[in-house]
Amino acid sequence: MDKLIINGGNRLNGKIDISGAKNAALAIIPGAILAQDVCRIENIPNISDVAIMIKILQELGASVRSVNKNTVEIDSRNVQFYTVPYDMTKHLRASYYFIGALLGRFGKAKVAMPGGCNFGGVRPIDQHVKGFEALGAVVTIEENAIVNAQSEGLIGNSIYLDTVSVGATINIMLAAARAKGLTVIENAAKEPHIVDLANFLNSMGADIRGAGTDVIKIRGTENLHGCTYSIIPDQIEAGTYMVAAAAAGGEVLINNVIPKHMESITAKLVECGIEVEEFDDSILIKSDRRPTRCNIKTMPHPGFPTDMQPQMAVLLAIAEGTSIINESIWDSRFRYVEQLSRMGATIKVDGKIAVIEGVPQLKGAPVKADDLRAGAAMIIAGLVANGTTEVENVIYIDRGYEDIVGKLRNVGADIKRVRVVETAAQVS
Ligand code: EPU
């Protein structure tokens with residue numbers, strides 16, 4: 001029950017090193033099950049979602065050795081179980097990647113339906129199921145929402161995704177990597193972490209081509225071997241600090257990034273009047289005046305990422321003029337607006353559209369993180385606001401940001417984490 005206390009108003013100056021990509025790590029860790037050998041994975045972000053995925057691997061029988069805080073060695077030779085119960089999956093959505101990975105390894109998997117950030121409405125998995133079935137698995141949803149996928153051995157097939165889905169693309173790649181013959185995923189997602197997973201599996205001996213385009217071809221390979229692999233930098237973590245620097249003002253070098261992955265975010269910041277300079281593996285943000293308005297529509301990669309939408313809303317909340325955000329991926333990703341409004345933001349939401357009338361200044365207030373990226377947005381709001389902001393539900397932020405407090409303090413933010421002692425009244 002920790003909370004963050006932020007005294008706003010400090011400009012940010014200095015350098016921030018970006019960690020490995022959460023959403024790549026969450027696909028690569030279960031992918032290690034496909035090798036009956038040791039995989040050394042470097043640049044793993046030290047975040048709670050990763051810790052849970054590693055715990056699940058261990059429960060399945062893998063030995064995992066921490067080489068240091070960002071490197072692990074996963075030995076999957078002794079993995080013998082193919083069942084993942086709800087108390088392991090309930091914490092995060094990506095636990096469903098064990099369905100694809102276990103299907104790939106054993107031809108069967110029994111995995112409880114996952115938890116994860118709640119963006120309102122359901123988060124369907126029909127495209128994952130369609131993919132597994134096309135590969136020859138019989139998939140049933142049992143009591144207590146357990147996905148039971150059984151096959152006599154997967155056989156490659158063509159799968160057209162009805163909607164561009166990061167999760168379905170990853171799950172099908174994991175299942176198909178060791179299937180017999182050729183699998184073709186059409187209308188595949190193109191996010192950087194899809195390419196990273198393909199590169200990881202290929203370094204284990206898989207034959208995957210086309211990742212990063214909308215047609216991915218996977219020629220199944222029976223035996224995959226161990227490898228050493230380093231995860232790409234986190235696009236969304238980098239984007240979050242880029243927006244933080246743009247909103248708070250100052251000069252911040254965002255280090256260890258792939259500038260190409262940042263293009264949609266860079267383009268919007270430039271449109272808002274922020275100075276953005278790109279180098280080989282870093283991006284410099286310079287901001288010394290009030291940003292100007294812009295419109296945003298979230299889209300699958302290479303469009304503007306939905307996972308940057310709440311953070312960008314904070315920048316637009318203090319921008320000159322009126323901005324419109326169109327959230328086209330998730331049905332309900334504006335729950336954070338209620339919190340931002342407590343800080344003086346003027347935002348009207350109608351379904352998947354938010355209209356933001358920029359105000360010159362936000363004011364500090366007690367707020368909570370409704371989910372991971374909403375939490376990041378609250379921190380940025382706290383950095384730019386007048387006075388003190390307290391952010392509750394830090395547990396969400398821990399899921400995806402390695403040492404966010406340390407990284408922001410290093411560039412001059414006045415932010416600290418405090419433990420909240422629950423009173424008897426609060427507990428009851
Ligand atoms: N969808 C379906 N059927 C499916 C799967 C998805 O209709 O079988 C729909 C969803 O309802 C949604 C759209 O397709 O409207 C896109 O969903 P997608 O499957 O791409 O999302 P995801 O794989 O569940 C990942 C990230 C999310 C990120 C989305 C979109 C991970 C672990 N999660 O989720 O990241 O918002 O892609 O880019 O990779 C985050 O990191 O904060 C986060 C929530």
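Once R0 is set to 45 Å, what does the formula 1/(1 + (r/R0)^6) return for the Cβ-Cβ distance between ASN46 and GLU143, expressed as a FRET efficiency to the nearest 0.05? Walk me through the numbers on the way to the answer.
Working: r = 36 Å, r/R0 = 0.81.
After rounding to 0.05, the efficiency reads 0.80.
A cut-off of 5 Å between modelled amide H atoms, ignoring neighbours fewer than 5 places along the same chain, links LYS297 with ASN326.
Here the stretch 298-425 exposes an accessible surface that is 51 percent carbon and sulfur, computed with a 1.4 Å probe and the other protein chains kept in place.
Using only the Cα atoms, work out Rg/Rh for the stretch 156-295, with Rh taken as the Kirkwood radius, to two decimals. Kindly include the intermediate steps, with their values, before the conclusion.
Numbers: Rg = 18.7 Å, Rh = 16.8 Å.
For the stretch 156-295, the value is 1.11.
Within the chain, the longest segment free of exposed loop sites, counting GluC sites (Glu not before Pro) that fall outside DSSP classes H, G, I, E and B and have at most 12 other Cβ atoms within 10 Å, spans 223-421.
Less than 5 angstrom separates the built amide H of SER230 from those of GLU42, all sequence-distant by 5 or more or on a different chain. Note on the stretch 168-233: with neighbouring protein chains present and a 1.4 Å probe, carbon and sulfur make up 44 percent of its accessible heavy-atom surface. Here the extension length gained between GLN361 and LYS180 equals 59.2 nm, from 0.36 nm per residue of separation less the Cα-Cα distance. Among beta bridges from DSSP that stay inside the stretch 238-377, the antiparallel ones total about 85%.
Accessible surface computed residue by residue for the stretch 326-400, with neighbouring protein chains in place and a 1.4 Å probe, gives 39 Å² per residue. Computed extension length for ASP126-ARG65: 18.4 nm, one decimal, from 0.36 nm per residue of separation with the Cα-Cα distance subtracted.
Within the stretch 191-297, report the trypsin sites (Lys or Arg not before Pro) that DSSP leaves as loop and that have at most 15 other Cβ atoms within 10 Å.
Working: sites: ARG209, LYS217, ARG219, LYS260, LYS268, LYS286, ARG289, ARG293, LYS297; in loops: ARG289, ARG293.
Hits after loop and neighbour filter: ARG289.
Using R₀ = 41 Å, calculate the FRET efficiency as 1/(1 + (r/R₀)^6) where r is the Cβ-Cβ separation of ASP207 and GLU278; round to 0.05. Don't skip to the end; give the middle numbers.
Values: r = 33 Å, r/R0 = 0.82.
The value I calculate is 0.75.
For the stretch 1-127, which whole percent of the accessible surface, found with a 1.4 angstrom probe, sits on carbon and sulfur atoms? C and S fraction of accessible area: 46 percent.
The Cα-based radius of gyration and maximum Cα-Cα distance (Dmax) for the chain are 21.5, 63 Å.
Rounded to the nearest Hz, the phi-derived 3J(HN,Hα) couplings of the stretch 323-334 under the Karplus curve 6.51 cos²θ - 1.76 cosθ + 1.60 (θ = phi - 60°) are 10, 10, 10, 10, 8, 9, 9, 10, 5, 9, 10, 10, where x marks glycine and proline.
Given only helices, namely DSSP H runs of n ≥ 4 each adding -39500 (n - 2.57), what is the per-residue ellipticity at 222 nm of the chain, to the nearest 500 deg cm²/dmol? Please report the intermediate quantities before stating the final value.
Details: 15 runs with 136 residues, N = 428.
Here the helix-only value at 222 nm equals -9000 deg cm²/dmol.
The trypsin sites (Lys or Arg not before Pro) of the stretch 1-75 that DSSP puts in a loop, and whose beta carbon has at most 14 other beta carbons within 10 Å, are LYS69.
Per-residue extension of 0.36 nm, minus the Cα-Cα distance of TYR86 and SER158, leaves a gain of 22.8 nm for this segment. When peptides 224-233, 172-181 are ranked by their average number of other Cβ atoms within 10 Å per residue, the highest-first order is 172-181, 224-233.
With 18 Å as the limit on Cα-Cα distance, the pairs of LYS368/LYS416; LYS22/LYS352; LYS268/LYS297; LYS217/LYS260; LYS3/LYS368; LYS15/LYS297 that go past it are LYS22/LYS352; LYS217/LYS260; LYS15/LYS297. Distance from the C-alpha centroid of the stretch 139-191 to that of the stretch 26-61: 20 Å, rounded to the whole angstrom.
The values are calculated or read from the model by the stated rules, or taken from the named source; none is laboratory data. Note that the structure is a prediction, hence the values are computed from the model and not measured. Ideal geometry is used to build each Cβ from the backbone, glycine not excepted, and the neighbour counts take in all protein chains shown. Accessible surface is based on the protein model in full, side chains and every heavy atom, while ligands, DNA and RNA are left aside. Shrake-Rupley method; radii C 1.70, N 1.55, O 1.52, S 1.80 Å.
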